[in-house]
Amino acid sequence: MKVIAIVGSPRENGNTNTLVQQVLEGAAEAGAETKTYILNEMDYRGCQACNYCKANDECKLEDDLVEVFEELKAADGIVFGSPIYFSQFTGQMRLFLDRCYSLVNPDYSSRVPGGKKAVLVGAQGMPDPAAYAGVFEEFGGEISRFLGMEVKDTLIAAGGAAPGDVRENAELMEKAKNTGLNLFK
Ligand SMILES: Cc1cc2nc3c(=O)[nH]c(=O)nc-3n(C[C@H](O)[C@H](O)[C@H](O)COP(=O)(O)O)c2cc1C
C-alpha cells in the first residue's frame, strides 16, 4: 500500500502538516509506504486553460506536479492537507486542485484509477471546528466527484495559531493516527 500526502500549508511545522504526519505515521505502522509533497516548496503554475488535457490524457505543463500526478494515480491513499486562509483552502492548494483538471476526461469522468481512499486535514484559527464545514464538504465533494475517491475522514485542527499548537489536542492527534492505521480497513 502507498499513501501520499499533498500539503497546502507553507509552514512545514504547522498544524496542518503536524496532523498530516500523524495520519502518515498511522498508515506506516499499518505497513504503508508514505511520501509527502509540500506544495509551497514546489515549482508549479496554475492551470492555463489551454485544454491540451482534453485532447491528450496529461497536462501540457512540465513542472513539479508531473511527479505528484503520477504518484497520485499510483497511490492507494491520499491525504490532502490545507489551512483555512480567508475562509478557503490556501492558494497553493487551490492552484493544485485546478491543475487536477488534467485528471478529468472531457465528460468529467475521472482518469484516476478507482478505489482510492482520501483523508482531508485542515487547520484554522477559529475555535469552532464546524466554522468552515462547507469548505471541507465542498473540497471532499470535488475529490470524490471528479477524482473518484472515497473521503474516509476529515480532521480539523481548530483554534490554533502558532505552529504545532495542535499537539496539545491529544484526542485529535490520536484520532489522526488511528485514521492512518485504519485507512484500508
Ligand atoms: C493569510 C492567513 C489567513 C487566515 N485566514 C483565516 C480564516 O479565514 N479563518 C480562520 O479560522 N483562520 C485563518 N487563519 C489562521 C490559520 O488558518 C491557522 O493559523 C492555521 O493553524 C494555519 O495552518 P498551519 O499551522 O498549518 O500553517 C489565517 C492565517 C493566515 C496566515
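Overview of results
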| read-out | value |
| --- | --- |
| Subset tally (residues that are near the ligand (Cβ under 8 Å from one of its atoms) and in contact with a helix residue (DSSP H, G or I) (Cβ under 9 Å, 6 or more places away or on another chain)) for region 8-17 | 6 |
| From V68, V20, residue being within 12 Å of the chain's Cα centre (by Cα), away from the ligand (no atom under 13 Å from the Cβ) and in a helix (DSSP H, G or I) | V68 |
| When residues of region 109-130 are limited to those that are free of Cβ contacts under 8 Å to residues at least 40 places away in the same chain and surrounded by 13 or more Cβ atoms within 10 Å (Cβ to Cβ), the one farthest from the ligand (Cβ to nearest atom) | S110 |
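Matching residues to (1) touching a residue at least 12 places away in the same chain (Cβ under 8 Å); (2) touching a helix residue (DSSP H, G or I) at 6+ places or on another chain (Cβ under 6 Å); (3) within 16 Å of the ligand (Cβ to nearest atom):
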site: G148; (1), (2), (3): yes, no, no
site: A157; (1), (2), (3): yes, yes, yes
site: A161; (1), (2), (3): yes, no, yes
site: G164; (1), (2), (3): yes, yes, yes
site: N169; (1), (2), (3): yes, no, yes
site: L172; (1), (2), (3): yes, no, yes
site: K177; (1), (2), (3): yes, yes, no
site: N182; (1), (2), (3): yes, no, no
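Each row is one residue, and each column tells you yes or no for (1) in contact with a Leu (Cβ under 9 Å, 6 or more places away or on another chain); (2) within 21 Å of A170 (Cβ to Cβ); (3) in a helix (DSSP H, G or I); (4) modelled with pLDDT of 95 or more.
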| position | (1), (2), (3), (4) |
| --- | --- |
| I6 | yes, no, no, yes |
| L24 | no, yes, yes, yes |
| K35 | yes, no, no, yes |
| N40 | no, no, yes, yes |
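The values are calculated or read from the model by the stated rules, or taken from the named source; none is laboratory data. If you're wondering where the values come from, they're calculated on a predicted model, not measured in any experiment. Don't worry about glycine lacking a Cβ; one is built from the backbone with ideal geometry, like all the others, and counts go over all protein chains shown.
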